[in-house]
1. How many angstrom lie between the C-alpha centres of the range 292-343 and the range 104-168?
2. If I model a spin label at Val367 and Gln240 as a point 7 Å from the Cα along the Cα→Cβ vector, what separation in nanometres do I get?
3. Per 0.36 nm of contour for each residue apart, how much would the distance between Gln498 and Lys395 grow if the chain were fully extended, relative to their Cα-Cα spacing?
4. Once the Cα gyration tensor of the range 422-517 is found, what semi-axes does its equivalent ellipsoid get, as square roots of 5 times the eigenvalues, in whole Å, sorted largest first?
5. Between Asp424 and Leu507, what is the label-to-label distance in nm when each label sits 7 Å out along the Cα-to-Cβ direction?
6. Can you report the principal axis dimensions of the chain using only the alpha carbons, biggest first, rounded to whole angstrom?
7. Take the Cβ-Cβ distance between Leu518 and Lys163 as r, set R0 to 41 Å, and report the resulting FRET efficiency rounded to the nearest 0.05.
8. Would you list Asp358, Asp270, Asp231, Asp185 from fewest to most Cβ contacts within 10 Å?
Amino acid sequence: MVTAPMNTMPRSWYSAHMICSTVIIVIAIQVPEANHIIAESAPVSPHHAAWLHHRYHTTQPALIGTGGLPQPLSLPARRATQSQRTVFGFLPYWISAEYYDSINFDLLTHIAPFSVEVNPDGSLGEDHGWPWTALIDRAHRHGVRVILTATIFGDTDVHTLLKSETHRTRFMREIRDKIREGRADGVIIDFEGPGLNGWPNMINDFLRTLTDYLHAEIPGSEVSFASPAIDWGGRWDFAQIAASCDYLFVMGYSFSGKWSSRTGPTAPLDGPGRTVSSLLEDDRDYSQVTRDHPEKLILGVPYYGCKWKTRSAEPGTSVQEFINYPRLRDALPQAARWGTLWDARSQTAWYRYRDGEDWVQVWYDDVESLRLKYKLAMDKNLRGFGIWALGYEGKQTEPWQLIEEVNGRRSSTLVSTETTIPNDFTVALPYPNPFNASVGVRYHVPGPGYLQIDLYDVLGRRINAWSQRTESTSYARWHWDGRSQTGIETASGIYTIQFHYFSDDGLLRSQSRRVVQLR
């Protein structure tokens, strides 16, 4: 986690192993009145740090597309990989279109758009252009489940949400509506903070209630939780949390970072002290889940590393200055240039080069260290493995080749577009319904013709009307802003929408939908 450590603990993974002590514990100190200011200077995790860095980036248009109602996941498309393992990838909204185009959907089973932000009162804040219709449609055509990420960062905000039944209920209803709006297949809860105020003790009941609620409201949906790799402070009951939802995404990284006093691996597989391997066997962490319910665990791996300036070329040397978190797309070609080194203790890669009188060290997971982590997940019979974050590999093909090598390809998963487009006039259900400000209805016209849409109130009076010429088979979305044809706001009540499609071959097709407006 990307924060300053407690001064009573070792200040880096490597120094901890040099003295055979435990690895770092990371703490984010929050001041309630200045929560967001503190959060910006002391992020509580790599997810949070990346979000802060890209906070004001806009979502790539390639993810959103032209809008409209996304297509649901087709049942025949839900094919597993050859190994039956889950391959779960977070996809941040700031990923460029160039790298998004390089994602191999045939090697994934789940993709998690990151993210919709959650307010402490349970309402949803910035959703970064959700629904990402282009992404959802592309994923669903390939049989990939879309799992919406819901985020809160910082102890104060998480505790404020969890302690209030009103806030929790508001969140459950609003996230349900967001999932439905995007025809997503579930949600992953990414609530992060060191837990100094006790909120980890409250997360079990919250997840259990949310899981039961969404399973009932959206049959077939998945509810998961992004959980820390190590229970440094003895605040988590991972066995109970795993039992409270469908599965956990274990963030198996951030053992070193900006706070480190010595260079070391981001995700050490082995070594003295607590590591990625030990977290699955340690009674303080996930041993009970690994033993009793391994299908509840996804092992997350980093597609990023740590870059420091140092005085010495030796591994585990003192840090002079933290530089950044390089992504895999940069680390792989740089390692090829300067020469990849292998740390036998942690089973991870690193490289170094001269910078004037100083040295620069970069520690990261290359293809070989990722292979070992994937093998660990499969040897332990876990649900699968996951990635923070898709797109960080850039144009590098080696990470995708590795996934196919160890996990197999979901052959013939692409669902033909022709099989999902109806050959007749169809009208989807209105959304949202009931509504306040506006409502939309997606429809499909099978060919050239004329479309007439009429809106009537409960007394049968026509309130508004629309008409247009259609030239070819297409999807479109009708939108009503709650006003009459003269621009006057309509009152609360039930309204009927009648759709009439007159094809050029002389056939008339009609459908109607009802909506409820609540002012």
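1. Centre-to-centre distance over Cα atoms comes out at 27 Å.
2. It works out to 4.5 nm between the two label points.
3. Working it through step by step, the gained length comes to 32.2 nm.
4. On the way: eigenvalues 119, 36, 25 Å².
Ellipsoid half-lengths, sorted descending, are 24, 13, 11 Å.
5. 0.8 nm
6. 81, 48, 47
7. Working: r = 29 Å, r/R0 = 0.70.
Calculated transfer efficiency: 0.90.
8. On the way: Asp358 14, Asp270 17, Asp231 20, Asp185 23.
The order, fewest Cβ neighbours first, is Asp358, Asp270, Asp231, Asp185.
Here, each number is a calculation from the coordinates, and none is a lab measurement. Being a predicted model, the structure only gives us computed values, none of them experimental. Don't worry about glycine lacking a Cβ; one is built from the backbone with ideal geometry, like all the others, and counts go over all protein chains shown.
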